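S.K.: Here's a structure for you.
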Amino acid sequence: MSRLLSGNEEYVRRFNLYRIIEHILLIMLFVVLATTGLVQKFHDLSLSRSIIIGLGGIDSVRHIHHIAGGFFVVLTVQHILVVFTGIIFCKWPPSMLVTYKDVLDALHNVRYYMGLLDSPAMCGRYTYKEKFVYWLILLVGIQMIFTGLFLWFPVGMTKYISGQIIPVSKIIHTNDAMLIFLLIAVWHIYDNVLNPEVFPLNKSIFTGYIKKRRMEEGYPLELKELTGAGNEEAPEPGPDPETGR
Amino acid sequence: MERLITERGGLRALVWMIWVVFIFCLLFSPRPSGSQTADAFEDNEYCLECHGKKGLEKIFSDGDSISAYVNPMAYNRSVHGSFRCTECHKEFADRRHPDRVFSSSFQYRIKASMLCRDCHSEESLKSRVIHDDLFKKESAGEAVICTNCHIAHATVQIASGNVSTSEEKYCLGCHSHDNQMVFKNGEFISLLVNAAEIRESAHRNVGCSDCHFGYSSEDHPRRRFGSERAYRLSSSEICRRCHFNKYAKVSESIHYSLINVGRLDAPTCIDCHGGHPVSSPGRDRLSVVNKCKTCHDDIFNTYSLSVHGDALINMNNKDVPTCIDCHSSHSMKDPYLSEFHNYIPDMCSNCHSNEIIMGKYGLSTEVVKSYLSDFHGLTLSLYKVEAQKRNWSDKPMAVCTDCHGTHDIISMSGADLQVIKDNLLKRCRTCHRDATENFPEAWLSHHKPSLRFSTFVFLVDKFYSIMLPLMVAGMLFLILLQIWRHLVNR
């Protein structure tokens with residue numbers, strides 16, 4: 001386990017550089033895709049029209065959206081390939097898989113938040129909330145990739161499928177976009193920015209390190225597993241893109 | 001004594017000679033004018049004993065007749081008022097009244113016109129350009145009748161103005177006759193103006209010189225045009241003096257652009273509105289279509305078979321659009337420009353979004369809305385926003401007419417669905433060349449998704465409309481719970 005001392009605070013390594021860069025790229029693509037997509041969905045708003053004009057017109061907006069979509073496809077495909085390769089060939093623990101314990105943790109925490117229990121659930125490397133956000137973004141993202149391709153190439157796609165796939169794709173694509181936007185804007189931002197436990201910002205995905213105190217509160221099982229290895233002074237292990245360990 | 005007698009005899013002879021000369025001079029000297037007027041008055045009084053009474057007629061061999069009545073007051077005010085009747089009507093001198101026979105009133109008037117030429121020489125008449133055309137006619141063998149313009153017994157001095165009770169009456173003095181205006185290329189037009197048409201026209205309260213600026217009872221400038229078309233184009237410029245707003249629109253229209261590049265057959269104001277019988281074409285919608293038909297015959301034929309044209313022409317339906325409802329009446333744009341093409345949905349929506357009109361025919365007013373919410377309509381509406389900042393996008397975007405046709409729009413009700421689908425595929429392929437039979441299904445044909453139409457689309461839409469609010473509500477609930485617990489812990 002890698003540790004870092006900053007003042008009186010002890011930090012623990014949580015994400016490696018690969019994950020940090022991947023997350024930054026995802027943020028950039030999300031901003032571009034959400035901006036250029038939502039202005040099309042809410043095209044009647046004056047703000048949307050100003051953005052469209054500012055970006056050079058609706059054709060330019062769509063062009064930017066398509067390019068960003070192309071990068072999103074690349075990012076998603078490489079992520080899936082890296083994860084599968086890592087789990088199968090490098091024996092990475094599948095820490096993002098949803099387990100029965102996650103369901104129990106969620107129910108436990110609901111009861112805790114309602115005041116029925118005294119302590120929150122003991123989570124591992126990723127909490128049930130983080131897994132929920134991850135899987136929702138991954139699955140909805142894949143769905144958006146396909147529906148986006150249908151909308152981008154309607155003539156080619158309708159050679160093989162009924163034409164009704166186009167209006168259906170439009171509904172799915174735009175509603176998925178709203179789903180992800182709200183998930184990020186409401187849930188993810190609250191959890192990592194406005195949440196009193198991390199306020200003003202959970203910086204671990206940008207720095208790669210997390211406060212040990214925060215680790216004890218949020219990921220006690222992960223910390224226990226790390227400290228249970230009994231080698232706190234061991235050198236930082238080689239790059240493990242999935243787990244960062 | 002003898003000498004005295006001889007001197008007395010010479011003096012007497014001299015006195016006699018003076019008397020003879022005096023009497024001779026008295027007899028043969030010219031009469032003073034006052035005496036002449038008095039005589040003329042006396043002479044005319046004699047004629048007017050009969051001709052001053054209304055009802056007297058001159059009957060011709062062909063049965064036609066003219067009034068032989070002379071208005072004494074009008075005659076006395078006329079330029080010829082100091083003349084004896086017999087100075088013109090010489091055959092009637094010395095109170096003779098020969099019985100003359102004329103085959104027609106026309107022949108009589110020709111004969112009467114010859115009298116004028118006794119005093120009014122050809123040179124003096126030619127000094128007025130207005131007579132040029134008449135002399136040309138005359139040299140071509142046609143009869144010229146002075147009284148067509150100059151009223152026979154009420155001729156007024158031209159230079160004095162107010163020659164007639166109204167300008168219209170004065171102008172019609174000549175223009176009620178079929179005189180011609182000849183152009184340099186040999187073309188000619190009739191200068192005949194139908195007074196009844198003017199009285200029925202929109203300009204019934206407008207004076208002749210209000211339009212024919214520069215022309216008056218005192219002035220009649222001579223203008224020469226190369227052709228009839230050049231004259232008509234020039235005449236249309238008159239309209240802008242009053243209708244400048246319309247003229248400004250026309251000057252930016254496709255018709256005016258064509259004229260500017262030498263297509264002189266493109267229509268101007270009077271080609272559509274007419275010259276003297278000018279009217280507002282909008283009053284009679286069928287006449288609008290017929291006016292456009294003059295040049296756009298092939299389009300008229302197509303339109304007449306369309307659902308709109310059939311209703312207008314065969315049923316005189318006032319709700320269907322005519323040419324100007326889509327192309328506008330004055331500022332008509334080039335229909336091949338994107339600037340025109342992209343406003344077609346707005347044109348169609350004028351009627352197809354109107355619940356009162358559509359309600360009469362059981363048609364939905366949602367068609368424009370459904371178009372604007374789809375890809376093409378949405379893109380087009382954004383192109384319009386962009387066009388306010390920069391030029392129109394060159395990318396063509398399908399509008400109503402690209403699927404329904406332009407002038408050949410057919411009714412969708414009762415039409416064969418397969419025919420419509422096949423036609424739609426053809427139209428889709430105009431832009432989407434590789435489109436297959438599945439492709440037109442991407443368009444929901446203006447239908448709002450429901451369990452009956454586009455069921456799958458409807459169900460997916462419903463799923464999201466329920467799931468999204470539930471998810472957001474769930475997230476907010478959990479966040480609030482978490483905050484509440486945090487506050488309790490503190």
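S.K.: Calculated FRET efficiency, B:Met181 and B:Ile23, Cβ-Cβ r, R0 56 Å, to nearest 0.05? Working shown, then result.
M.R.: Values: r = 62 Å, r/R0 = 1.12.
Result of the calculation: an efficiency of 0.35.
S.K.: In deg cm²/dmol, rounded to 500, what helix-only [θ] at 222 nm does chain A give when every DSSP H run of at least 4 residues adds -39500 (n - 2.57) and the total is split over its residues?
M.R.: Details: 10 runs with 147 residues, N = 245.
Computed ellipticity for chain A at 222 nm equals -19500 deg cm²/dmol.
S.K.: Run through the stretch B:313-400 and list the trypsin sites (Lys or Arg not before Pro) located in a DSSP loop whose Cβ has at most 13 other Cβ atoms within 10 Å.
M.R.: Details: sites: B:Lys318, B:Lys333, B:Lys360, B:Lys369, B:Lys384, B:Lys389, B:Arg390; in loops: B:Lys318, B:Lys333, B:Lys389, B:Arg390.
Passing both the DSSP loop test and the Cβ count: B:Lys318, B:Lys389, B:Arg390.
S.K.: What relative contact order, as a whole-number percentage, does chain A give when Cα pairs under 8 Å and 6 or more residues apart are counted? Don't skip to the answer; put the middle values down first.
M.R.: Working: 228 pairs, mean separation 92.3, N = 245.
With pairs under 8 Å counted, the relative contact order is 38 percent.
S.K.: Normalised radius of gyration for chain A, please: alpha carbon Rg relative to 2.2 N^0.38 Å, two decimal places.
M.R.: Numbers: Rg = 20.8 Å, N = 245, 2.2 N^0.38 = 17.8 Å.
Normalised by 2.2 N^0.38 Å, the Cα Rg of chain A equals 1.17.
S.K.: So what are the three principal axis dimensions of the stretch A:92-181 from its Cα atoms, in whole Å, longest to shortest?
M.R.: 58, 33, 19
S.K.: Moving to a separate point now. Of the options A:His79, A:Pro93, A:Ile67, report the single residue whose Cα projects farthest towards the positive end of the charge dipole of chain A (beta-carbon charges: Lys, Arg +1; Asp, Glu -1).
M.R.: Of A:His79, A:Pro93, A:Ile67, it is A:Ile67.
S.K.: Still on this structure, I have one more. Compute the Cα gyration tensor for the stretch B:154-307, then decide on rounded, prolate or oblate, letting a ≥ b ≥ c be the square roots of its eigenvalues: rounded whenever a/c is under 1.5, prolate when a/b is larger than b/c in the other cases, and oblate in all that remain.
M.R.: Values: a/c = 2.08, a/b = 1.72, b/c = 1.21.
It is prolate, given that a/c is not under 1.5 and a/b is the larger ratio.
S.K.: Between beta-carbons, use under 14 Å as the cut-off and find the net charge around B:His97, counting Lys and Arg +1, Asp and Glu -1. Provide the component values of the computation, followed by the final result.
M.R.: Working: positive: B:Lys58, B:Lys90, B:Arg95, B:Arg96, B:Arg100; negative: B:Asp43, B:Glu49, B:Glu91, B:Asp94, B:Asp99.
Surrounding charge for B:His97 is 0.
S.K.: Normalising by the residue count of chain B, find the relative contact order in percent from Cα pairs under 8 Å and 6+ residues apart. Write out the running numbers ahead of the final one.
M.R.: Numbers: 416 pairs, mean separation 35.6, N = 490.
Once divided by the residue count of chain B, the mean separation gives 7 percent.
S.K.: If you don't mind, another one. Using the Cα gyration tensor of the stretch B:331-468, with a ≥ b ≥ c the square roots of its eigenvalues, what is the shape: rounded (a/c below 1.5), prolate (a/b larger than b/c) or oblate (neither)? List each step's numbers first, then the result.
M.R.: Details: a/c = 1.38, a/b = 1.29, b/c = 1.07.
Rounded, because the longest to shortest axis ratio a/c is under 1.5.
S.K.: While we're looking at this one, here's another question. Between the helical axis of A:128-152 and the dominant principal axis of chain A, each derived from Cα atoms, what acute angle in degrees is found, rounded to the nearest 10?
M.R.: 20 degrees
S.K.: Then there's this: Net charge within 14 Å of A:Asp59 by Cβ-Cβ distance, Lys/Arg positive one each and Asp/Glu negative one each, not counting A:Asp59 itself? Walk me through the numbers on the way to the answer.
M.R.: Working: positive: A:Arg62, B:Lys384, B:Lys389, B:Arg390, B:Lys395; negative: B:Glu386, B:Asp394.
Taking every other residue near A:Asp59 into account, the sum is +3.
S.K.: Same structure, new question: If each residue's Cβ is checked for other Cβ atoms within 10 Å, how do B:Glu42, A:Glu225 rank with the fewest at the top? Mind dumping the intermediate values first?
M.R.: Details: B:Glu42 10, A:Glu225 15.
Ranked by crowding around the Cβ, least crowded first: B:Glu42, A:Glu225.
S.K.: Could you pull out the pairs from B:Lys426/B:Lys462; B:Lys246/B:Lys333; B:Lys249/B:Lys369; B:Lys333/B:Lys384 whose alpha carbons sit more than 24 Å apart here? The partial results should precede the final answer.
M.R.: On the way: B:Lys426/B:Lys462 33 Å; B:Lys246/B:Lys333 14 Å; B:Lys249/B:Lys369 30 Å; B:Lys333/B:Lys384 16 Å.
In this structure, B:Lys426/B:Lys462; B:Lys249/B:Lys369 lie more than 24 Å apart at Cα.
S.K.: Okay, next question. Using helices alone, what [θ] at 222 nm do you get for chain B, with -39,500 (n - 2.57) per DSSP H run of 4 or more residues, divided over all residues and rounded to the nearest 500?
M.R.: Working: 26 runs with 256 residues, N = 490.
The per-residue figure over chain B is -15500 deg cm²/dmol.
S.K.: Based only on the alpha carbon positions, what is the Kirkwood hydrodynamic radius of the protein assembly as shown, in angstrom? Present the calculation step by step, with values, prior to reporting the outcome.
M.R.: On the way: mean 1/r = 0.0272 Å⁻¹.
One over the average 1/r among Cα pairs gives 36.8 Å for the protein assembly as shown.
S.K.: What is the Cα radius of gyration of the stretch B:244-318 over 2.2 N^0.38 Å, N being its residue count? Write down the numbers at each step before the final one.
M.R.: Values: Rg = 14.0 Å, N = 75, 2.2 N^0.38 = 11.3 Å.
That ratio works out to 1.23.
S.K.: Let me ask something additional. Given +1 on the Cβ of Lys and Arg, -1 on the Cβ of Asp and Glu, and no further charges, what dipole in debye does the protein assembly as shown carry about its Cα centre, rounded to the nearest 20?
M.R.: Values: 78 positive and 78 negative charges, 211 e Å.
The calculation lands at about 1020 debye.
S.K.: Let me ask something else. With charges set only on the Cβ (+1 for Lys and Arg, -1 for Asp and Glu), what does the dipole of chain B come to about its Cα centre, in debye to the nearest 20?
M.R.: Numbers: 56 positive and 57 negative charges, 248 e Å.
Taking the Cα centre of chain B as origin, the dipole is about 1200 debye.
S.K.: Here is a further query. What is the set of long-range amide H partners of A:Lys211 at a cut-off below 5 Å, with H atoms built 1.01 Å from backbone N?
M.R.: A:Val12
S.K.: While we're on this one: Quick query: amide H of B:Gln180 versus all other amide H atoms, modeled in the peptide plane; which residues come in under 5 Å with a sequence gap of 5 or more or a different chain?
M.R.: B:Leu191
S.K.: Expressed in whole Å with the largest first, what are the equivalent ellipsoid semi-axes of chain B derived from the C-alpha gyration tensor as the square root of 5 times each eigenvalue?
M.R.: Details: eigenvalues 1553, 118, 86 Å².
Listed largest to smallest, the semi-axes of chain B are 88, 24, 21 Å.
S.K.: Rounded if a/c is under 1.5, else prolate if a/b beats b/c, else oblate: with a ≥ b ≥ c from the C-alpha gyration tensor eigenvalues square-rooted, which is the stretch A:11-117? Could the numbers behind the result be given before it?
M.R.: Working: a/c = 2.94, a/b = 1.55, b/c = 1.89.
Since a/c reaches 1.5 but b/c is at least a/b, the shape of the stretch A:11-117 is classed as oblate.
S.K.: Got a sec? Which residues in the stretch B:371-386 would a label at A:Ser46 touch, if it sits 7 Å along Cα→Cβ and we count backbone N under 18 Å?
M.R.: Correct set: B:382, B:385-386.
S.K.: Right, something else. Using the Cβ atoms and a cut-off under 10 Å, what net charge is assigned to the surroundings of B:Thr86, where Lys and Arg are +1 and Asp and Glu are -1? Each step should come with its number before you reach the end.
M.R.: Numbers: positive: B:Arg84, B:Lys90, B:Arg95, B:Arg96; negative: B:Asp43, B:Glu87, B:Glu91, B:Asp94.
Charge balance in the 10 Å sphere: 0.
S.K.: Long-range amide H contacts for B:Phe188: which residues qualify at under 5 Å (H placed 1.01 Å from N, peptide plane, sequence gap of 5 or more or a different chain)?
M.R.: Correct list: B:Phe183.
S.K.: Under a Cβ-only charge scheme (Lys and Arg +1, Asp and Glu -1), can you give me the dipole magnitude of the stretch B:309-466 about the Cα centre, in debye to the nearest 20? Present the calculation step by step, with values, prior to reporting the outcome.
M.R.: Details: 16 positive and 19 negative charges, 61 e Å.
The dipole magnitude comes to about 300 debye.
S.K.: Among B:Thr436, B:Ile356, B:Ala387, whose Cα lies farthest out toward the positive end of the dipole of the stretch B:347-490, if unit charges sit on the beta carbon of Lys, Arg (+1) and Asp, Glu (-1)?
M.R.: Sorting the options by dipole projection puts first B:Ala387.
S.K.: Measure off 7 Å from each Cα along the Cα-to-Cβ vector at B:Ala230 and A:Trp152, then give the distance between these two points in nanometres to one decimal.
M.R.: It works out to 6.4 nm between the two label points.
S.K.: Sort B:Ser105, B:Ser450 so that the residue with the fewest other Cβ atoms within 10 Å of its own Cβ comes first and the one with the most comes last.
M.R.: Details: B:Ser105 16, B:Ser450 10.
Starting with the residue having the fewest Cβ neighbours, the order is B:Ser450, B:Ser105.
S.K.: When only DSSP loop residues count, what GluC sites (Glu not before Pro) in the stretch B:209-263 have their Cβ near at most 15 other Cβ atoms within 10 Å?
M.R.: Details: sites: B:Glu218, B:Glu228, B:Glu237, B:Glu252; in loops: B:Glu218, B:Glu252.
The qualifying sites are B:Glu218, B:Glu252.
S.K.: Still on this structure, I have one more. Among A:Ile142, A:Ile165, A:Ile80, which comes first, then next, by fewest other beta-carbon atoms within 10 Å?
M.R.: On the way: A:Ile142 15, A:Ile165 23, A:Ile80 12.
Fewest to most other Cβ atoms nearby, the residues stand as A:Ile80, A:Ile142, A:Ile165.
S.K.: Once you have the Cα-Cα distance between B:Ile466 and B:Val206, take 0.36 nm times their residue separation minus that, and quote the gain in nm to one decimal.
M.R.: Numbers: separation 260, 0.36 × 260 = 93.60 nm, distance 6.94 nm.
Full-extension gain reported as 86.7 nm.
S.K.: Also, quick follow-up: For the protein assembly as shown, build the charge dipole from Cβ charges (+1 Lys, Arg; -1 Asp, Glu) around the Cα centre, then report which of A:Cys123, B:Tyr215, B:Phe92 sits farthest towards its positive end.
M.R.: Result: A:Cys123, furthest along the dipole toward the positive end.
S.K.: Could you derive backbone 3J(HN,Hα) for the stretch B:398-405 from the dihedral phi with the Karplus parameters 6.51, -1.76 and 1.60 (θ = phi - 60°), listing whole Hz in sequence and x where the residue is Gly or Pro?
M.R.: The phi angles translate into 4, 10, 3, 5, 5, 9, 8, x Hz.
Throughout, read-outs are computed from the coordinates displayed, never taken from laboratory work. Predicted model, so just to flag it, every value in this text is computed and none were measured. We place every Cβ from the backbone using ideal geometry, glycine too, and count neighbours over all the protein chains shown.
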